[in-house]
Amino acid sequence: MRKEEILQQLYGILLRKSPAFSQYTLEQIQGESLNSFGLDSIGLLNFMVAIEDEIGIEWDEDRTTSETLKSLNSIAEHIEHEFESVK
Amino acid sequence: MHNTFNYFNSGNLHNSIVQTCLEFAVYPAVTCGAESYSYADLFNEYYSFQQFLKLLPERETVLVKLSNKKSSLPLILAGITASQVPLFCDPVWKEEEILKILKRNGTRYYITEEENPFGACAYARMGEKTGYKLYQVFIPEDELEQNNLLPETAFCRFTSGTTGFSRCLQFSEKAFMSAGYYWWRASAVKHKDVVYCLSTLNNGLAFNTSILSVLFSGAHLVIHNGNLIPSSIKKTLLAHKPSILIAFPFVYEQLIHADKITRSDLQLRLAISSAAPLKEASSHAWEEKFGIGICNYYGIAEVGPCTFNTGDETGTLGKLLENADIEFESLGESDSIGKRILVRTTSMALAYLDTHEPAFAERINPDGYYISNDRGFISLLGNLVLTGRIDRTINIEGRKIDPVEIENLIKTISTVTDVYVSKKQVQSRDVIAAYIEGNGIDAETVTKLCVKVLAQYKIPQYIKILETFPRSSTGKVSAGLLEIY
């Protein structure tokens with residue numbers, strides 16, 4: 001899966017899980033820290049679970065850091081890498 | 001069981017820790033991720049942390065930001081038995097909150113894993129042990145308040161407060177041992193038990209249920225490592241096969257809906273949660289899926305655990321622990337929805353550490369009962385039923401949040417004329433909602449300010465900005481009308 005495709009999917013999931021983000025376009029938020037938009041810890045966990053369910057990756061604690069989860073960009077890059085390494 | 005009883009009733013926590021570590025030396029004491037301590041290792045780390053704390057003068061207070069890792073357990077134990085006095089705080093507090101707490105509680109020292117904890121205040125590193133760094137914080141004398149440290153205080157923990165800031169509660173070693181003892185008696189933790197704790201150790205849910213009752217039984221404590229998501233939790237469940245699970249309601253909610261976790265993944269005999277409102281439908285769904293009820297108990301930071309829930313009556317928080325007494329105070333006309341709960345235990349706090357009003361003694365009635373802000377009654381079967389709060393404290397997934405703290409912060413924005421913070425359900429989840437009265441304000445500005453100052457769990461997830469609030473004829477905010485937005 002390509003990063004652009006992943007980003008679109010992530011954005012869709014985020015809007016469903018945290019409607020407060022609907023006031024921003026993907027371009028406005030993709031490179032910014034999700035925390036800076038006030039996403040709380042439970043919101044982030046719900047987002048992570050939805051990503052697993054909808055995109056089909058599993059978060060590996062050894063490969064997932066706070067930097068991985070910082071922004072939509074970093075999450076998309078991580079997912080792209082995970083898909084690449086499975087090939 | 002005989003030795004466990006003796007460890008609790010020795011009257012000397014340090015000796016009991018030493019004896020239990022000797023007795024269970026080769027057994028696993030605590031695991032986090034891939035790392036473990038045996039009881040022998042635990043003793044060595046405990047002793048090392050005691051020496052580490054001696055870098056500080058005797059009876060000096062030190063704020064301790066605990067992470068959830070294996071070395072936090074010996075740090076907690078060493079802190080409680082040392083002559084220094086640790087104040088165990090929330091690991092998600094940010095710099096501004098930490099500085100306020102230090103000043104308010106007359107504390108110049110701070111233990112944390114962070115490399116550069118302060119940008120706004122000078123500090124010096126005094127030492128390091130297993131990733132924990134000890135800092136001296138150079139707070140100006142005129143900003144450091146006097147504290148009220150009592151001779152019998154062994155440690156402190158925090159409570160959310162109701163007037164805009166957290167209060168620091170002082171506890172004796174005896175109170176800590178008492179809380180652990182009566183919890184152990186009710187929960188019957190044994191050497192063969194594996195206790196999987198998904199709460200941060202500073203929180204009462206873990207502090208009172210997962211430390212001494214595990215330690216003195218020679219049981220095995222597994223602390224969750226990583227994100228609290230089903231895939232991560234499943235790995236730990238399969239690796240350690242816990243018999244006791246301790247978690248906040250949102251974790252149970254996640255596990256109920258997680259297809260990847262099935263009944264065969266759990267071999268629990270006890271599932272414990274805090275008295276946050278766990279939806280009845282969720283309790284039923286959990287029981288149906290996993291074949292065991294959730295023991296949702298009642299406890300308050302100021303007094304410790306008060307009940308133990310065997311699940312014999314739905315919608316209740318169980319029967320009083322042996323060391324707890326309860327009374328109810330009339331609130332007049334609204335008694336039909338429950339009276340004020342007054343509770344007394346042998347694990348109560350001694351006093352607040354800070355000297356602000358109200359004093360802790362004002363919350364204790366002449367018979368020694370803590371005057372809570374909870375309403376409830378005892379059912380016909382003798383179980384405690386919680387019916388609501390008297391104050392505005394918000395409980396979200398087991399975390400108590402003082403709305404006044406958030407309101408005061410948002411009011412610092414110059415164009416804001418009023419703020420009202422409450423709880424709201426958004427997408428079937430309880431979140432903090434901030435209703436803001438003013439002009440020329442946007443949600444982004446409000447969020448940025450909150451993110452800068454407040455711990456993540458206090459940040460409003462719903463923000464509504466209005467030019468004017470709906471008000472009564474006397475000018476009071478009509479909260480009911482506001483909350484319709």
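In segment B:446-485, comparing the full protein assembly with the chain on its own, the residues that lose 30 Å² or more of accessible surface at a 1.4 Å probe are B:447, B:451, B:456, B:461. For segment B:394-482, the residue among B:415, B:462, B:446 whose Cα projects farthest onto the positive side of the dipole built from Cβ charges is B:462. Spin-label model, residue A:60/residue B:143: points 7 Å from Cα along the beta carbon direction are separated by 4.5 nm. Which shape class, rounded, prolate or oblate, goes with segment B:4-171 when its Cα gyration tensor gives a ≥ b ≥ c as root eigenvalues, a/c under 1.5 marks rounded, and past that a/b bigger than b/c marks prolate? The shape class here is prolate.
With contributions of -39500 (n - 2.57) from each DSSP H run of at least four residues, the per-residue ellipticity at 222 nm computed over the protein assembly as shown stands at -9000 deg cm²/dmol. Take each peptide in B:291-304, B:309-322, count the other Cβ atoms within 10 Å of every residue, and average; sorted highest first, the result is B:291-304, B:309-322.
When the alpha carbon gyration tensor of segment B:394-482 is reduced to an equivalent ellipsoid, its three semi-axes come out at 20, 16, 11 angstrom, largest first.
Neighbouring Cβ atoms from other chains, within 10 Å of the Cβ of residues in A:58-66, number 4 on average. A 1.4 Å probe run over the protein chains yields, for the protein assembly as shown, 41 Å² of accessible area per residue, whole-number rounding. Can you work out the FRET efficiency for the pair residue B:391 and residue B:473, with r the C-beta to C-beta distance and R0 = 30 Å, to the nearest 0.05? Using R0 = 30 Å, I get an efficiency of 0.75.
Rounded to the nearest 10 degrees, the angle from helix A:72-86 to the longest Cα principal axis of chain A is 20 degrees. Taking Lys and Arg as +1 and Asp and Glu as -1, the other residues whose beta-carbon sits under 11 Å from that of residue B:464 total -1. At what distance in angstrom do the alpha carbon centres of segment B:236-273 and segment B:50-114 lie from each other? If you average the Cα positions of each part, the centres end up 31 Å apart. Along its three principal directions, the equivalent ellipsoid of segment A:3-86 from the Cα gyration tensor extends over semi-axes of 19, 14, 12 Å, largest first.
Here the relative contact order of segment A:3-86, from alpha carbon pairs under 8 Å that lie six or more residues apart, stands at 43 percent.
If the chain between residue B:361 and residue B:426 were fully stretched, how many nm would it gain, using 0.36 nm times the residue separation less the Cα-Cα distance? Can you show the working numbers first?
Details: separation 65, 0.36 × 65 = 23.40 nm, distance 3.89 nm.
Once the chain is fully extended between residue B:361 and residue B:426, it gains 19.5 nm.
Per residue of peptide B:348-359, the mean number of Cβ atoms on other chains within 10 Å of the residue Cβ is 0.
Sorted largest first, the spans of the alpha carbon positions of the protein assembly as shown along the three principal axes are 69, 63, 57 Å. Calculated FRET efficiency, residue B:378 to residue A:27, Cβ-Cβ distance, R0 = 60 Å: about 0.55 to the nearest 0.05.
What translational D, rounded to a whole number of µm²/s, comes out for segment B:378-419 from Stokes-Einstein when the hydrodynamic radius is the Kirkwood one over Cα pairs, at 10 °C and 1.306 mPa s? It would help to have the intermediate numbers written out before the result.
Details: Rh = 13.1 Å.
Reported coefficient: 122 µm²/s.
Among residues other than residue A:2 with Cβ under 12 Å from its Cβ, the summed charge is -4 (Lys and Arg +1, Asp and Glu -1). Paramagnetic label reach from residue B:280 (point 7 Å along Cα→Cβ; backbone nitrogen cut-off under 11 Å): within segment B:288-318, residues B:314-316.
With the contact rule set at Cα under 8 Å and sequence spacing of 6 or more, what percent relative contact order holds for chain B? Relative contact order comes out at 12 percent. Atom-type composition of the exposed protein surface of segment B:4-171 places 49 percent of the accessible area on carbon and sulfur (1.4 angstrom probe). The modelled label-to-label distance for the pair residue B:264/residue B:51, using points 7 Å beyond Cα in the direction of Cβ, is 5.0 nm. The angle between the Cα long axis of helix A:3-17 and the longest principal axis of the Cα atoms of chain A comes to about 50 degrees, rounded to the nearest 10. Put simply, the Cα atoms of chain B extend 69, 56, 50 Å along their principal axes, the longest span coming first. Under the simplified labelling scheme, the residue B:448-residue B:125 pair shows an inter-label distance of 3.3 nm, with each label point 7 Å from Cα along Cα→Cβ.
Solvent exposure of residue B:420, expressed as accessible area, is near 40 Å², computed with a probe of 1.4 Å over the protein chains only.
The values are calculated or read from the model by the stated rules, or taken from the named source; none is laboratory data. Keep in mind that what you see is a predicted model, and the values were worked out from it rather than measured. Cβ atoms come from the backbone with ideal geometry, glycine included; neighbour counts cover every protein chain shown. What goes into the accessible areas is simple: the full protein's heavy atoms, side chains included, and nothing from ligands, DNA or RNA. Shrake-Rupley method; radii C 1.70, N 1.55, O 1.52, S 1.80 Å.
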